[in-house]
1. What is the helix-to-structure angle for 201-222, meaning the angle in degrees between its Cα long axis and the longest Cα principal axis of the chain, kept from 0 to 90 and rounded to the nearest 10?
2. Order the peptides 281-287, 362-368 from the highest to the lowest mean number of other Cβ atoms within 10 Å of their residues.
3. Relative contact order for the stretch 107-221: what percent, with Cα pairs under 8 Å and sequence separation of 6 or more?
4. If the chain between residue 289 and residue 61 were fully stretched, how many nm would it gain, using 0.36 nm times the residue separation less the Cα-Cα distance?
5. Pairing the Cα long axis of helix 114-181 with the longest principal axis of the chain, what angle in degrees results, from 0 to 90 and rounded to the nearest 10?
6. Return the percentage of antiparallel bridges among DSSP beta bridges fully within the chain, rounded to the nearest 5 %.
7. Nearest 10 degrees, 0 to 90: what angle lies between the long axis of helix 32-42 and the longest principal axis of the chain (Cα atoms)?
8. With a ≥ b ≥ c the root eigenvalues of the C-alpha gyration tensor of the stretch 143-239, is it rounded (a/c under 1.5), prolate (a/b larger than b/c) or oblate?
């Protein structure tokens, strides 16, 4: 008995904590544009992509640093273990000192370095590639947020439709119960009415579970805390006026497709790499300068220093005349890689054009489906009203009432499903075309900006 009381108290405490947590949870009422804006600023993948751009920018500065003078400080000490012997007129002489000290500065400056000059272009291209990759991540994130948001709206609208049908079914069941009590309706009709209302309850729970899962997915995409409650401020009907406008104004050009852009940047990178390879045939020239102090002494290495400065300047020319054909074959490999990119681009554009055509056809089909389903909803609502009035007058049967309610439920669910399908098709087409209005969310087209 005592143990049962402890368990009961513990369960009550857990329930109180859960209630307190739920009440204290922050509620975030958002529109689609607000969800996208939050995701583009807080999603970890976008932050990492921007950091990668910064990293490559430092890499370019590292390459530029090779054009500046290089200055090193050096210090050397050596101890003579056995002095060199010289023979002159049959006499032997020991030459040299016990200790040799050397300290000073050595500098070098590249003067003619064709390969290094071209390598700077490679760094610029790498920056552009990372900027385009960041843009690709943003476009993909916008698509994912839109699809998750649309799915959440579909789940909410579907739940609302099922709940409305459930309320009508409960009302109908209550009427049959009263009619059964006064002997107007049969027990079979009353039982069927109760079953019809009860059958919808699992669908409501399933819709709520779907809503909770989609909210969690949306929060992950937005990069917000999972404890924050998200509530959309829109419904699928709110997007209906914009559906036709987008279809009429869509530009099917692939000029903004991120895959095409990245492939073009990779092709440009290979062309620059080919130029770097060609520059390896040219000589390099660099200047050198040294300023040193030398000291030579006998005995202890820590005293008797005799420092004497000396300096020198010069030029160093290097020209690789023959390396077993390595440069030639590397150049040929680079030329083939450039030609390969041409065929890859042609294959990519064909595939993307097919995807665009498929999405356009889906959008046209979805538009017709929405119009058809809207007409079906109007007819189903009219038929349900007629049947409800007939039922109140005692003319309609249970089967007729159930058929009208099921028809209305199916028509409304199909209508919202059609709107959802069209929105997703438009979002997917937008991703393929790469023309999502990033500027609308405070993100500029950085790739073109950098090129200029």
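1. Between helix and principal axis, roughly 20 degrees.
2. So the peptides 281-287, 362-368, ranked by packing, come out 362-368, 281-287.
3. 35
4. 79.6 nm
5. The two axes meet at around 10 degrees.
6. 90
7. 30
8. Details: a/c = 4.33, a/b = 3.27, b/c = 1.33.
Note, shape of the stretch 143-239 comes out prolate.
None of the figures in this text is laboratory data; all of them are computed from the coordinates on show. Everything numeric in this text was worked out from a predicted model, so none of it was measured. A quick note on method: Cβ atoms are made from the backbone with ideal geometry, for glycine too, and the neighbour counts reach across all protein chains shown.
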